[in-house]
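Below is one structure; the comments refer to it alone.
The values are calculated or read from the model by the stated rules, or taken from the named source; none is laboratory data. As the structure is a prediction and not an experimental result, all values here were calculated from the model. So basically every Cβ, Gly included, is an ideal-geometry build from the backbone, and we count neighbours across all protein chains shown.
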Amino acid sequence: MAKQAPKAATATSKKLPQTPVKISYLFLLIAYGFVTVLTPNLKTLDSNGPKFLTLALLNLATYLFLFTRKEVKTRPEWYYAFFTNGIGIAYTGLMVVSLFSFFKAINVLESVLLFTRIFTTFSAAYLVSVLVLADKRNILYLCVAMTLLLIYESLTVFSEINKYIHGKLSSIGEIQSVYSNKNGLASAVFVKIPFALGLMVFSRKWLRAIGILGIFLAITATLFLSTRAFYLGLFALTVLLTIFSIIRFFQTHNKYQLRLIGIYLILVLFAFLIFSTTQRYLYPQTQSGYDVSVEARLVTIAKTDASVVARLEGWKRSWHVFKENPILGIGLGNWKIATLKEENLTSQDFTFHYKAHNDFIEITTETGIFGGLFFIALFLLIGLAFIKVVLKNSSPEWLTLLFLPAFGLLCYSVDAFFNFPQDRPEIQALFVLYVGMAVAVSFLYTGESARPSKSNPTGKSGNNFFRLPMIIAYGLVLTVSANILYQNFNSQKLQRIVYDDIIRGKLTHPASMFLNGFPAIPDLNSLGEPIAVLKARYLMNEQRYNEVIALLKKDKSSPFDSRPEYLIAIAYKNQNNIDTSLAYSQKAYNMKPNFFNNISLLCELLQQKGLQKEGEVIVDKYLSQTKNNKEAWLYASSFYDNSGNIQKAASVIDTAANYFPTDSLVLNQKAIMSRKAIIVPYQVLYNAASGAFNAKKYNEASRYYTELLTKEPRFTEARNYRAYCYYYIKEYTKSNLDLDFLISSGVTHSSLYNVYNMRGVNYGNLGNKEEACKNYKIAADMGDKNGLDNYAKFCQPGKK
């Protein structure tokens, strides 16, 4: 990169080799920044499947290229440097400790898959370090390429914001560009900012202009993406960049440093003004939590925001699991399995937290205390290396080369603290670049590179016997890793087919497609669901219950996931094996007590076994904790009704109506249960009244209804029928008294008549035409045909 002052630039340029830039090395270095971004989803459930695979294939290609190059063969320090440098040693230590965590893994296959991913990332960082050692000048061109990518991604954000403003997107949360979601895009933009910063701080002319443009667009895009973690990250980045510039000013007494930070702060200010103005005057009026100011968004961190609460709960569960296995951890990839045991106790469905939303916590939980310390050491060693260079007032060249990984890992650490970049290959590619550069540059800076000596004047390695087998072995490991990731890629394509079926609400594919199609690894899908459960869904759809039972009983991939027990219970129930079905449903309930679908199954089975009292305890407990599940209230009402406890059934649905006052299903159930609650205690009397009424014995029926109303005055139906009986026995005044009561109770229609029209008929028979016409008119206005006919017949001018 160009330097801060003409003299420094001239002096440094003399030190740089005058040989042409190695284009092949540069191409591979830039490929690491672009390959995961350019890899499409390829119809997988999770885009990390094909992206990690392409990263592994790039590793293989780079490895074959590097270790067949003559200059690499004659410079063994290039491929040994990674393992003799403090940063590389810390990273290697993390990999070794990760292997020991296998001894504690609940699901070893999941550990194998995650280790393959992190080994792929580790290998990429190692290979990047070799590429940089081969020609550190390529860092400048990498900065330019990554800044251009940053500019492009920022522009895609603005394009999506424009769609949102014009109603083509319903929410800012839908913005994702080529990434899986908004947070992934925000992370990709934020973590690339150091590339643009490097150009702005250490370059001149058009390179600095590109850097300034990249910074401005990236900060603006970050504000528009409304991600709280990166709002905090921008603040931390601004503070540390300001401190760095002030230190450099006092070291160099060059006002250029103050101008730089002034430019940066002006960019931040303008970005904030553009965002605030757009948000205030152009955004559509919605209730979305994303459509608020930076301050309002940050305030939610301290409140009981759902995502904040979820993160904190996940971190607490991590601590509980870590305490049980502090040394070796719980095994790579097993966080989502081990913490499920506790999460199940409160979770109502199978939407689980399969990531801790904090890589520092998750890595420590999975690999133990030493794994966590090695991971933290990566960041600390890189930061300390940069601080050392700054405090020593080293040459601008070394400041330039270490600035990029130091600030890059700073931005990455923000993402790692609040999200899970370890699971996002696009962000892992940036981690690879920063760590690989840090290892190479710090190695060169500390003078640890091998130099010619009297005994070895060419610098060639004197031990080719071990070097060649190691190179071959490492190549084989890279090949095996790529093969495992290829299996994962194939699995994710099938997982996508399954979930497309689930979203459509219909399983349209044959079970054989999945029984024979899924590879051996992984045995959990991208969301933590056992692959065996995916297969069982299709077997259930084909009513192959014995195969469902055999498949799920054999599966041990996630012992705290209650889906296998639940599906086994259904399979046994469909085979009329009630006792065994009850046993498995009870197991599922013990594991996951708030999963309503299983609760309803369990209570139904208990009822069939004559154990409804036990079912009532379960239902009552669930309803006491959960008020927002309408289906549960409706089921509970029916359950109590079927158990013969009609009063409890009516009481439950009355309570439900308080939570769902406008829901038609709840209101209809309430009407049914209210009626039954009144009828059941007087069933004999009600049947006698109904029998007399249907036989048109209206005098007898009216006496029965009167007796019913004496016992239960709330019985509107009885009053309705009695009014009708009084009409037929010509007791018009008594009929109207009942009709008046119905109207005062809010009843205007019955299954027999319109109340107002009936009252009008009674008044007409009593000779009160005025009142009769008033009631006919009300009935007619309500759309009652009889009321309309009566009003036209008896109340129009000229009619008698």
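Scan segment 191-203 and give yes if some residue there is assigned by TED's automatic domain parsing to the domain that holds K43, within 21 Å of the chain's Cα centre (by Cα), crowded, with 21+ Cβ neighbours inside 10 Å and over 30 Å from K73 (Cα atoms), otherwise no.
yes
Among the listed residues I151, I139, I106, identify the single one that is assigned to a helix (DSSP H, G or I) and surrounded by fewer than 22 Cβ atoms within 10 Å (Cβ to Cβ).
Of the residues listed, the single one that is assigned to a helix (DSSP H, G or I) and surrounded by fewer than 22 Cβ atoms within 10 Å (Cβ to Cβ) is I151.
Within segment 661-673, take every residue that is surrounded by fewer than 18 Cβ atoms within 10 Å (Cβ to Cβ) and touching a residue at least 24 places away in the same chain (Cβ under 8 Å) and give me the one that is farthest from Y705 (Cα to Cα).
Restricting to residues being surrounded by fewer than 18 Cβ atoms within 10 Å (Cβ to Cβ) and touching a residue at least 24 places away in the same chain (Cβ under 8 Å), the top hit is D663.
Go through segment 761-778 and give me each residue that's surrounded by 19 or more Cβ atoms within 10 Å (Cβ to Cβ) and under 17 Å from S735 (Cα atoms). Even if it seems obvious, please write down each step before you answer.
Keep residues of segment 761-778 that are surrounded by 19 or more Cβ atoms within 10 Å (Cβ to Cβ), which gives 761-764, 772-773, 775-776, 778.
If the condition is that a residue be surrounded by 19 or more Cβ atoms within 10 Å (Cβ to Cβ) and under 17 Å from S735 (Cα atoms), then V761, N762, Y763, G764, A772, N775, Y776 are the ones that fit.
Does T706 meet the test of being β-branched (V, I, T), part of a helix (DSSP H, G or I) and modelled with pLDDT of 85 or more?
Yes: the conditions hold for T706.
Is segment 746-760 home to any residue that is surrounded by fewer than 22 Cβ atoms within 10 Å (Cβ to Cβ), among the aliphatic types (A, V, I, L, M) and touching a residue at least 12 places away in the same chain (Cβ under 8 Å)?
Yes, segment 746-760 contains a residue that is surrounded by fewer than 22 Cβ atoms within 10 Å (Cβ to Cβ), among the aliphatic types (A, V, I, L, M) and touching a residue at least 12 places away in the same chain (Cβ under 8 Å).
With respect to V189, determine if the residue is under 16 Å from G33 (Cα atoms) and outside any helix (DSSP H, G or I).
Taking the combined requirement at face value, the residue does not satisfy it.
Just to confirm my filter: which helices (runs of 4 or more DSSP H) fall fully inside segment 464-558 and include at least 3 residues that are in contact with an Asp or Glu (Cβ under 7 Å, 6 or more places away or on another chain) and without any contact (Cβ under 8 Å) to a residue 40 or more places away in the chain?
none
Counting only residues that are among the basic types (K, R) and touching a residue at least 60 places away in the same chain (Cβ under 8 Å), how many does segment 569-628 have?
Of the residues in segment 569-628, 1 are among the basic types (K, R) and touching a residue at least 60 places away in the same chain (Cβ under 8 Å).
Show the residue pairs that are 6+ apart or on different chains and have beta-carbon atoms under 7 Å apart, the first residue being within segment 700-714 and within 14 Å of A689 (Cα to Cα), the second being surrounded by 23 or more Cβ atoms within 10 Å (Cβ to Cβ) and among the small types (G, A, S).
Going by the 7 Å Cβ cut-off, the qualifying pairs are A701/A689; Y704/A689; Y705/A689; Y705/A718; L708/A689; L708/A718; L709/A718.
So which of F386, F375, F417, F403 is over 16 Å from the mean Cα position of the chain (by Cα), of a type in the set (A, V, I, L, M, F, W, C) and either at pLDDT 95 or above or not assigned by TED's automatic domain parsing to the domain that holds S442 (or both)?
Answer to the check: F375.
Kindly provide the set of residues from segment 581-611 that are under 32 Å from the mean Cα position of the chain (by Cα) and either assigned to a loop (DSSP other than H, G, I, E, B) or of a type in the set (A, V, I, L, M) (or both), ordered by number.
Within segment 581-611, the subset under 32 Å from the mean Cα position of the chain (by Cα) is 584-603.
Passing the criteria: A588, M591, K592, P593, N594, F595, I599, L601, L602.
Out of contact with any Ser or Thr (no Cβ under 7 Å at 6 or more places or on another chain) and touching a residue at least 60 places away in the same chain (Cβ under 8 Å): is that true of F224 in this structure? Please lay out each step first, then the result.
On the way: out of contact with any Ser or Thr (no Cβ under 7 Å at 6 or more places or on another chain): yes; touching a residue at least 60 places away in the same chain (Cβ under 8 Å): yes.
Spelling it out, F224 is indeed out of contact with any Ser or Thr (no Cβ under 7 Å at 6 or more places or on another chain) and touching a residue at least 60 places away in the same chain (Cβ under 8 Å).
Being within 17 Å of V201 (Cβ to Cβ) and within 42 Å of the chain's Cα centre (by Cα) is true for just one of L232, L240. Which residue is that?
One residue alone meets the criteria, L240.
I'd like to know if segment 266-278 contains one or more residues that are assigned to a loop (DSSP other than H, G, I, E, B) and modelled with pLDDT of 85 or more.
no
Counting residues that are at pLDDT 90 or above and more than 27 Å from the chain's Cα centre (by Cα), which helices (runs of 4 or more DSSP H) fully inside segment 1-102 reach at least 1?
23-38, 48-66, 86-100
So, A677, is that one without any contact (Cβ under 8 Å) to a residue 24 or more places away in the chain, buried (at least 17 other Cβ atoms within 10 Å of the Cβ) and not in a loop (DSSP other than H, G, I, E, B) or not? Step through it out loud before you land on a result.
Details: without any contact (Cβ under 8 Å) to a residue 24 or more places away in the chain: no; buried (at least 17 other Cβ atoms within 10 Å of the Cβ): yes; not in a loop (DSSP other than H, G, I, E, B): yes.
When the stated conditions are applied, A677 does not pass them.
Looking for something at pLDDT below 85 and out of contact with any Phe, Trp or Tyr (no Cβ under 9 Å at 6 or more places or on another chain) - is there at least one such residue anywhere in segment 631-640?
For segment 631-640, residues at pLDDT below 85 and out of contact with any Phe, Trp or Tyr (no Cβ under 9 Å at 6 or more places or on another chain): absent.
What about N541, is it loosely packed, with under 15 Cβ neighbours inside 10 Å, closer than 26 Å to E604 by Cα and not assigned by TED's automatic domain parsing to the domain that holds T44?
no
Scanning for something within 29 Å of L634 (Cβ to Cβ), of a type in the set (G, A, S) and surrounded by fewer than 16 Cβ atoms within 10 Å (Cβ to Cβ), does segment 712-719 turn up at least one residue?
no
Quick one: is D738 among the charged types (D, E, K, R), assigned to a helix (DSSP H, G or I) and in contact (Cβ under 8 Å) with a residue 12 or more places away in the chain? Walk me through it before giving the result.
Working: among the charged types (D, E, K, R): yes; assigned to a helix (DSSP H, G or I): yes; in contact (Cβ under 8 Å) with a residue 12 or more places away in the chain: yes.
The answer is yes for D738.
Which of (1) basic (K, R); (2) part of a loop (DSSP other than H, G, I, E, B); (3) over 20 Å from V414 (Cβ atoms) does K388 not meet, given it meets every other one?
Answer for K388: the failing condition is (2).
Within segment 711-729, how many residues turn out to be at pLDDT 90 or above and more than 21 Å from H749 (Cα to Cα)?
Residues in segment 711-729 being at pLDDT 90 or above and more than 21 Å from H749 (Cα to Cα): 1 in total.
Please count how many residues of segment 711-735 are assigned to a helix (DSSP H, G or I) and more than 23 Å from K696 (Cα to Cα).
Matching residues across segment 711-735 total 1.
So, in segment 743-784, exactly how many residues are modelled with pLDDT under 90 and in contact with a Phe, Trp or Tyr (Cβ under 6 Å, 6 or more places away or on another chain)?
Here the count works out to 1.
Hey, can you tell me all the residues within segment 592-614 that are closer than 25 Å to T351 by Cα and buried (at least 21 other Cβ atoms within 10 Å of the Cβ)?
Hits for segment 592-614 are K592, F595, N598, I599, S600, L601, L602, C603.
Please find, within segment 320-340, the residue that is nearest to S562 (Cα to Cα) out of those that are surrounded by fewer than 18 Cβ atoms within 10 Å (Cβ to Cβ) and out of contact with any helix residue (DSSP H, G or I) (no Cβ under 8 Å at 6 or more places or on another chain).
Step by step, filter segment 320-340, then rank; the result is E324.
Taking the stated definitions as given, is G691 of a type outside the set (S, T, Y), over 30 Å from K769 (Cβ atoms), modelled with pLDDT of 90 or more and outside the structural domain of S751 (by TED's automatic domain parsing)?
yes
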